[in-house]
Each structure stands twice: as C-alpha cells, then as structure tokens.
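The values are calculated or read from the model by the stated rules, or taken from the named source; none is laboratory data. Quantities reported herein were computed from a predicted structural model and do not represent experimental measurements. FYI the Cβ positions are ideal-geometry reconstructions off the backbone, even for glycines, and counts take in every protein chain you see.
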Amino acid sequence: MNKESFFGQSRIFQGIVLIVLFGLGLGIRLYDLKDPPLDFHPTRQLRSAIIARGMYYRDLPDGQGWQRERAIDQLEGHELIEPLVFESIVAKTYRVIGSEQLWVARVYASLFWVIGGLALYFLASAMTNPDGGVIAIIYYLFLPFGITASRSFQPDPLMVMGILLSWWALYRWYQKPTWGNTVLAGILAGLTIFIKAVALFSILPALAAFWLVGIGFRKSIKDPQVWVLGGLTVLPAVAYHFYGVYVLGSLASQFEGRFFPEMWRDLGFYINWYELGSGIVGFAPIFIALLGTLLFMSAPLRAFGIALWVGYGLYGMTFSYHITSHSYYHLLLIPVIAISLAPLAAQVFRPLISLRPVILTRIVVTGILLFGILVNLWFVRLTLAREDYKNEPAFWENIGELLGHSQSVIALTQDYGNRLAYYGWTTPRLWLTTGHLNYRELKGRPPIEIQEWFAKKSNNKDYFLITMFNQLEKQPELGEILYDNYEIHAEGEGYIIFNLREPIE
C-alpha cells in the first residue's frame, strides 16, 4: 500500500480501479468481434490471415479438396518478412477448435495488448507510484487509434506486449541485478526483437540508458551479467536474419526500399511525420509527455525516458518513407507516451491525498476519469459499428467463382490482391496502382511504358479484373487497352472482368 499515492492508499480501491480499467479495455476490443479484418490496414491483416490458413490446411490430412492445395500455394507464395509467430499461434488454435475462425486472431491481439498494459502498470507504478501507473494505462488502453490497431491480425500487438514486458524486466534487473532477472530480461528482450526486429529501437536505447547512466560504462563492460543480457537480447534476431538472408535468401529483398536518407533533407518529410504522428497519438499528449520525461526522480530514470524518445526518433529516420505513410509504424510511440505521462501524473495527483472526506474524493475523481473514458469508448464503439464489412466476403467469393478460381488472372485490385486471395481463393498477378508507381520512382526504378508492361504482365493470363475504378481513371492508357481490345467476361457493381482470351475482332 502506497500512502503517498491517491490510487495506492487502499488496495481494495486500487484493485477495483484496475479491474474496471482492464475490463473496459478488453471489452471494447472484443466488440463486433466477427467483423472481417478490413478496418485497419487490411493488406497486412489479410496477409497474416492467408498465412495462418495455409498453415492450418497444410497440417490437415490429404484429401481435403482443392482448397487445401490452394491454401498451401498461397502460403508458400508469401515472402518471409518476420518469423510467423502470431500466425502459427492462430493456426494451431484453428486445429484445436476444428475450423478456421478468423476472429481468433482478434481475441489474441486484444489479449496481447492488455497483457502489455499490465506490464506498463507495474513498470510505471514502480518508477513513479500507482497514480502514474493508472494514468499511463488509461492513455495506453483507451487511445482510439490504439484500440483499433490492437485488434489487428499482424505482429505489432504482440511486439508491443513484448516491448513493455522487456522494459519491466530490464527495470527489475537494474533495481535487483540477480542472474535470474538477467536471464528473464534477456529472454524477453530477445524474443521481442525476434518477433519483429523494429522493436530494437525501443529496447536497445532503454538498455543503454541503464547501462551507461544507471551502472556506468566502465562498470558495465566488466559486468558478466551485462554481456549475458546483451547476448540474449540480440542473438535470436541476428541468427534469424542470418538464416533468412544467407541460407533461405528470401529475407534480403525485405531490406530493399526501406531506407531513404535523401528524405532527411526535405522539410516536408518532418512536417508529414509530425502530422501523421500527432493525428494518431494526439497533439497535447506528445508535449505533455515530453515534459513528463524530465520529472522522473533520478538520473537513470530520466535517461531511460529520454532514450525511449531517441529510439523512436531513430526509428522514424531509418524508415523515413513508412513513418510518413503507414499509420501503424507509430504504434511504438503509444507506450513511449504512456510511460512518459506517469511522472507528471504522480505529481498532479499528490495534492488529492490530503482532501477530505476520503471516500467522497475517491468517488468524484474516479467518476470524472470514468466519465471521460466512457464518452471516449462510446465514440469508438460508434466508429466500429459504422465500419461494417460483413458483405465483403460474399462480394469476393462471387468474383472468385466468376473467375473459376483461376490462377491465371491479372488484377488492379485492393490490398495487393489479398481480398481476392483470401475470400475468393484466387491469387492474381498485380497491376500497379499509382501509389506503387510513385514508390518505384522513389526507389530509383525506371518509369513504366504501359503497352510494354501490359504485354509482359498479361502474357498467358486469362482474365483482367478491375475493382479499383479510381485507379483505372488515373491510368487512362490501361483503360484504352482493355476496352478497345478485349471482350467483357462479367461486370457488376464494383467490378469488371475482361476476357484476355477473347480479343475484339
């Protein structure tokens, strides 16, 4: 019991507050559980869904029909990016329950995020007091973007959980450097960076802060625990990337088109970065949290807080294109802001301890916070309810049937063709959108000559599917080639299919 903390004066009061907060945090994430995963970066979510389905069908016995063969083909058609940890968990759960149920991934993602919140609470409370812990998890659990993102089927919710568990374990090791805490911190940090390598921008700066400011450089390099901790942190990811690049060879392509230092000279890059980031996490929280970092009570803790911001900055500079174009690249900022708010919250709530009567003060303060949370959740729920994608699977299933589930298809379609692949069981060759054409130019690729590109891409293809008519309008030369030279196989609301085997006489 912490008598110098408003929420820590009574264990019963503190327990009730935490149960309510985590219950609401998990409940909103499980709302509309079975809606298709098209509300947040569907390309990325459907990629994981295709991989998990392929793993599930691969482990089924032979004789399961053409779907098994197609699911395995689609699984093998996806290049390696990071270890398929989340997808493997979901696929094994499909086996346990006896069928493919995509909502399983949403349950896991939500649980990952909430477990990360528990680690955040214990860490923030230990570094400040329970008041700092409560405010940290309120921001972390109820930020609208965080609610949407933490329901998604991609490695990021699992990675964020791992980052928070790693911070908590590193702090425990710094406070009590036993061999048990050393191994625990090293394993958690190593597994997190293994799951998704970009976690190193959150973990390594935190580790360096405790080493250099908390322990001291000279003492650190002589400490065997430091070497063991560092080795456990980096070796799993190093081994995986060595295997992926030099043994499989498939991981090398993932480093292409990631690093654009020429963007650093452009003021617009920083403006776009700030606009996207502040739109996600909030304008005020960024600056309040930056000030809060300076209020940690000791130099090592201040170094820890500053290091987290430095790590996020290095992360954004390294992935300069994606930090300005992909909202989920800012997920790493949410726990940074949450932990940085804790020392400021600890100071703000301190005067409330002396207010009397105690019970009335608790009711009023908790009621104000709860009212704000519930209003926020009401608007999040409305957004989730409005974004209804239940008709999407039937749309893509119909297109798949019209194409005869043929693999000989070229398409100008959504999400890198993943909607058609997952729901329509048809894997198309992709025609580039204008966004991809611009990305090619940024990478220094030569411009595309449409006629030559069409001849190359459509060779030995039976159909050309269009479901992105806005993109077709932006590429009028493609429209002329299709409408002037090929019969229409089928068309309806939202799609048109050209038969490349039947040119117009």
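Points to keep in mind about this one:
- Residues (of a type in the set (A, V, I, L, M, F, W, C) and under 14 Å from the mean Cα position of the chain (by Cα)) located in the stretch 112-156: PHE112, TRP113, PHE145, ILE147, ALA149, PHE153
- From GLY8, GLY25, residue being surrounded by 19 or more Cβ atoms within 10 Å (Cβ to Cβ) and either aromatic (Phe, Trp, Tyr) or assigned to a loop (DSSP other than H, G, I, E, B) (or both): GLY8
- Screening ARG172 on (1) surrounded by fewer than 23 Cβ atoms within 10 Å (Cβ to Cβ); (2) within 23 Å of the chain's Cα centre (by Cα) shows it passes everything except condition (2).
- Long-range neighbours under 8 Å by Cβ, at least six apart or interchain, first residue at pLDDT 90 or above and in a helix (DSSP H, G or I) within the stretch 421-437, second of a type in the set (Ser, Thr, Tyr) and crowded, with 20+ Cβ neighbours inside 10 Å: ALA421/THR427
- In the stretch 46-97, the qualifying residues are those that are aliphatic (A, V, I, L, M) and not in a helix (DSSP H, G or I), and the one that is surrounded by the fewest Cβ atoms within 10 Å (Cβ to Cβ) is LEU60.
- Meets criteria (free of Cβ contacts under 8 Å to residues at least 40 places away in the same chain and among the hydrophobic types (A, V, I, L, M, F, W, C)) for ILE359: yes
- Any chance ILE288 is closer than 19 Å to ASP131 by Cβ and assigned to a helix (DSSP H, G or I): yes
- Only residues that are assigned to a helix (DSSP H, G or I) and either surrounded by fewer than 24 Cβ atoms within 10 Å (Cβ to Cβ) or touching a Lys or Arg at 6+ places or on another chain (Cβ under 8 Å) (or both) were counted in the stretch 98-121, giving 14.
- Enumeration of residues in the stretch 11-43 that are free of Cβ contacts under 8 Å to residues at least 60 places away in the same chain and of a type outside the set (A, V, I, L, M): ARG11, GLY15, GLY23, GLY27
- Lone qualifier among ILE81, ILE89, ILE138, ILE72 - being touching a residue at least 60 places away in the same chain (Cβ under 8 Å) and outside the structural domain of TYR328 (by TED's automatic domain parsing): ILE81
- Counting only helices (runs of 4 or more DSSP H) that sit completely within the stretch 316-415, those holding 2 or more residues that are farther than 30 Å from GLU491 by Cβ and either outside the structural domain of PRO157 (by TED's automatic domain parsing) or of a type in the set (Val, Ile, Thr) (or both) correspond to 333-348, 358-386.
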